[in-house]
Amino acid sequence: MRPHTIIEGIIAATATAATSAFGGWDVSIKLLITLILIDYVTGFLAALKHKKLNSDVMYWGGIRKGIVFCVIIVAVFADQLLNNSQPILRTLVIYYYIAREMLSFAENCALLDVRLPKKLVDVLAQLQEEKQAPTVDRIAEEVVSDDEKVQPVSREVSIESDTSQKETAAAAKDEKRE
């Protein structure tokens, strides 16, 4: 067998395994990979322009980009575990990272003095706005009137005081045994 054929076979097997692990080779995964590469290059160029090039930052940025693909693989397996007929978790994860990469790309474009269409900037600005997390406590505070509110026990009792009382009681028992 020719070495060239062996190399082609290894590349084909690797690509097939990666495609399977990513849950397929569709437009969303292609877009994500494209955005990751573009973001990495534009980030490098922006750092170069502003004389803030740092190999350590680039290295760990590349590692973080690689971990994105690990998260996608976990989402694919989670979809399979849950017997989802459609790749729901995979799609959510990929769309989340597409939005993040688009934001990062837009920031890099701004650093490079490249103007983006206003509509795209508006959409990305909406994604970037920080929203308050819908926690149970916040929802309860908004819905329940002041006289109906109940203070959770976990907030009334100090963990430290409870622990010290138990430790004191345990020490007293140990002394009695001796």
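Every number in this text was worked out from the coordinates using simple rules, so none of it is lab data. Please read these numbers as outputs of a predicted model, since none were measured by experiment. Cβ placement follows ideal geometry from the backbone for every residue including glycine, while neighbour counts extend to all protein chains displayed.
Assorted remarks:
- Residue order, fewest to most beta carbons within 10 Å, for LYS30, LYS49: LYS30, LYS49
- Cα shape, segment 3-133, gyration tensor, a/c 1.5 rule: oblate
- Computed from backbone phi, the HN-Hα couplings of segment 42-49 come to 5, x, 4, 5, 5, 5, 5, 4 Hz, rounded to whole numbers (Karplus: 6.51 cos²θ - 1.76 cosθ + 1.60, θ = phi - 60°; Gly and Pro given as x).
- Lysine pair count for segment 3-133 with Cα-Cα distance under 26 Å and sequence separation of 8 or more or different chains is 10.
- The fewest-to-most ranking of LEU81, LEU103 by surrounding Cβ atoms within 10 Å reads LEU81, LEU103.
- Cα-based shape type of segment 26-86, given that a ≥ b ≥ c are square roots of the gyration tensor eigenvalues and the cut on a/c is 1.5: oblate
- Our coupling estimate for segment 57-65, obtained by passing each phi through the Karplus curve with A = 6.51, B = -1.76, C = 1.60 and θ = phi - 60°, is 5, 5, 4, 6, x, x, 4, 4, 5 Hz, Gly and Pro reported as x.
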